[in-house]
1. Using only DSSP helix segments of four residues or longer, with each worth -39500 (n - 2.57), what per-residue ellipticity at 222 nm results for the chain after dividing by its residue count and rounding to 500?
2. Starting from the exponent 0.38 and prefactor 2.2 Å, build the expected Rg for the chain from its residue count and divide its actual Cα Rg by it.
3. Beyond 25 Å, how much of the Cα-Cα pair distribution for the range 20-209 remains, as a whole percent?
4. Enter the angle in degrees (range 0 to 90, nearest 10) between the Cα long axis of helix 288-299 and the first principal axis of the Cα atoms of the chain, meaning the one along which they spread out most.
5. Go through 315-321, 254-260, 72-78, 525-531 and give me the packing order, highest mean Cβ count within 10 Å leading.
6. Have a look at the DSSP beta bridges in the range 109-236 and tell me what percent are antiparallel, nearest 5.
7. Which FRET efficiency value, to the nearest 0.05, is calculated for Arg235 and Glu306 with the Förster distance at 25 angstrom and r the Cβ-Cβ distance?
8. Excluding residues fewer than 8 places away in the same chain, name every one of the lysines whose C-alpha is closer than 25 Å to that of Lys594.
Amino acid sequence: MCSEADQSPTTVAAPPTPSKPIIVGIYGLPGSGKSTVLEHLSRAVPSNMFSVYEGSSVIASLMGPNRGLGDFIALTEEEKTRYRELAIAQIRDECQRSGLAGVVAGHYMFWPRGSEQGTVVWTKADQDTFTHIIYLQVAAETLCRRRQRDQVRQREAVTPGHLRKWQEQEMRQLDTLAKISGIHFEGLKYDRPAEHLASEISHKLHEFRTESEHCNHIRVLAAVDEMLANVTACRNTRVTTALVFDADKTLTAKDTGRDFWERQSSRPIGKDELTPVEKIFREHGYSYEAFRQVAMLYSDTHRDFERVCHDVAKEITLYPEFLSILRRVRKHEHVMAVVVTCGLRRVWELVMEKEDLGRHIEIIGGGDIREKLIITAKSKEGVANRLRGPPHNLRVVAFGDGPLDLPMLRAADEGVVVVGEELTRSKSMEDALSMTIEHVNTNDAPHSHNLRQTLLPYTVTPRLDTVRLPVVDLSDPTDPFNQSLFDGPPSNLLHTSNRPSARVLMTPTRDANISGPALREAHRRIGWYLATELITSLIGLEEYSIPHVQGHATTGHRLLHEQDTTIVALMRGGEPMAFGVNEAFPLAMFLHAKTPEDVKPYHLSNQHAIILVDSVVNNGKTVLEFRERIRAMDEGRDIHLVVVAGVVQVEATGTGHELGRLLRKDSKFHLLALRMSENKFTGRGGTDTGNRLFGTMRLE
């Protein structure tokens, strides 16, 4: 769980650094059986995935010709440290080049009999290189007998008590160093045959290879797919909207992570005092490695984990506005709610169970490292993108309070920044929001971002200002945004907003440097794309015979009833896109229409479908006028009417607008768009689409 009080936008947006290779240390006291286990491992693990090293052998190889470990032992401590660092650096570099994971047997400390304390031989290079450490934990009495019976190496005779103290010190210190450096540390009891232990370690090594941020991201997306499959299987209707919530400081004013550590330590944590988790983020930022380190920290609390999670959940009170929304989800099968938390999934499961919402609200989160799911800012963004994009194509509305939530909020169709009391809200969110909005508005029309804010309670001071970040009132049932949350999107509206191919196609249309012929060509390509991608799926295809290049006849495909289709270019902005549609359907009739009256009865005679093409649909007024004209002349023949546009304003498709109502009521009336837009900006002069298409900017 992370408190976002000190999040920095630069931390969230920092570019990824090249990942270091996986290097696993096999540690244990001298005589514990590291070499024997390593020998079994070298046969058990595939050589195309792992390189196995005996640390002392690598050091000996660095000593030069005709020299070995005996010469190394004779060196000064400073020289020994240098060779140890050279050895681990060589292993690291070899694994970096080969792409293999390294497995290295090494020593942490030597503690001769009679010495008050041991001598640590672990180096800074070890600390910077190892990603995982497996410690072979052997009972002191067993270890003492093994050392006495060792026929290969002469071992100093020491008591079981000395060995026990030595092992405890090593494990304690390595555990502390691992927490500081983000190294995965675990002890394995060596109380079975070496080949069995090697088999268990081999299994762990394969798991370690799949722990990368990329693999974690794949697991997060798989969790989203599985979650949606389970939700869909339990409902009688298709899910079309996903409400995605951050947890702490969003659904509640509380920080459950801070509450967890207070209860786990059984003492209050001062206002300016950092929790163990906050210390990690303060030192390492909000990186994937830092979140993994946090998960390992929670693993250390396994004995108290469930009890503390229950205690924390009991004290959580959800904001009434969000509790109302979550309860409404139970009554609307086309809407699902997902809580995505960087913190403790278990706490939020218990909170939802307490509110009798456990069966209705999905939770994606982490906690204990054994859950194998690390949630970061990138993960949150990935959840929103996965739900919004193919294959699910849901409308996504996201809620969050801090910089870690911003990627998710921007990835959603609509993002709502939750603004709490000034004393508890994220201090760095103001700058992060300002930077995000400034970046978007630099590349698009003013206020074209998808962000809003909600004030909880409604009396708190807004973020930024209400012009740049409009306010929605979640407590007001008449607020249009609040009403829209549970509006089912019209099933007769199809768009490609989330497809990568559509984003490439829309780029030239938004580029202020492109106009005239180049822009008309971009619109033509969009028309052809929407015709082949959407219209063919909507209306269907028919087969016909064509000559094959090899001389025989084969089967071709074209639009169903293509020759009985009329393409109407709404002048003047719709013409270039209509040409693209006509290119895809060359048998169709083509008509220019400046007003509805330009469509005559003979244009509809015996026609199966009418395709109206315009570049932009803002409030839908023009489209509705053409529809009314066509339906009046239709005389009950129920012609399929399809509207094709580059951009459609989202609000026009809601239930509060006539266009939206007809899209829900008229089964033979469809609206197809390259992208949906929240932007209500109406172009003038140089920003008007028609002027840009035909170079008439200076005439207005």
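1. -12500 deg cm²/dmol
2. Cα-based Rg divided by the globular estimate yields 1.23.
3. 34
4. 60
5. Going by the mean number of other Cβ atoms within 10 Å, highest first, we get 525-531, 254-260, 315-321, 72-78.
6. Numbers: 2 of 8 bridges.
Within the range 109-236, antiparallel bridges account for around 25 percent of the total.
7. 0.20
8. Reachable lysines: Lys621, Lys668, Lys680.
Throughout, read-outs are computed from the coordinates displayed, never taken from laboratory work. This one's a predicted model, so the numbers in the text were calculated from it and none came from an experiment. As a convention, Cβ positions derive from the backbone with ideal geometry for all residues, glycine included, and neighbour counts pool all protein chains shown.
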